[in-house]
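The values are calculated or read from the model by the stated rules, or taken from the named source; none is laboratory data. For clarity, every value in this text was computed on a predicted model and none was experimentally measured. Heads up, the Cβs are rebuilt from the backbone with ideal geometry, glycines too, and the neighbour counts pull from every protein chain shown.
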Amino acid sequence: MTDPPRLRRHAPFPTLILATVPSVLGLNVAAADELKPFEASYAWIWHGMTVATSTLKLEKTGDTWTYSSHSEPRGVGKVFPERPTQRSVLRVTDAGTQPLSYEA
């Protein structure tokens with residue numbers, strides 16, 4: 001009679017934790033890198049039709065950052081009157097992030 005198959009044993013749990021911690025710490029360092037301006041556009045698709053587009057931007061002006069989003073309806077989406085726009089202004093310093101204003 002043969003022994004039942006055994007599960008293959010991997011590294012013990014504490015070893016996995018110790019191996020993972022440096023990776024997580026490395027991600028935190030990368031996340032703390034300086035902000036970079038960007039612009040991205042997205043299409044909102046409903047049943048195969050583009051019903052809206054949204055544009056997101058992060059811009060630097062002097063010592064402040066402005067994050068904005070604006071959406072415009074397209075095609076059948078124009079039956080809805082909303083044109084959502086949001087704008088946040090903040091300052092990033094060594095002490096942290098300071099929100100300055102928000103408009104919706």
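At-a-glance table
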quantity	calculated
Whichever residue in segment 62-104 is closer than 25 Å to E34 by Cβ and aromatic (F, W, Y) and, among such residues, is surrounded by the fewest Cβ atoms within 10 Å (Cβ to Cβ)	Y102
Scope segment 27-55; condition exposed (fewer than 12 other Cβ atoms within 10 Å of the Cβ), within 18 Å of the chain's Cα centre (by Cα) and modelled with pLDDT of 90 or more; matching residues	K36, P37, F38, E39, A40, S41, A43
E59 being part of a strand (DSSP E or B), acidic (D, E) and surrounded by 11 or more Cβ atoms within 10 Å (Cβ to Cβ)	yes
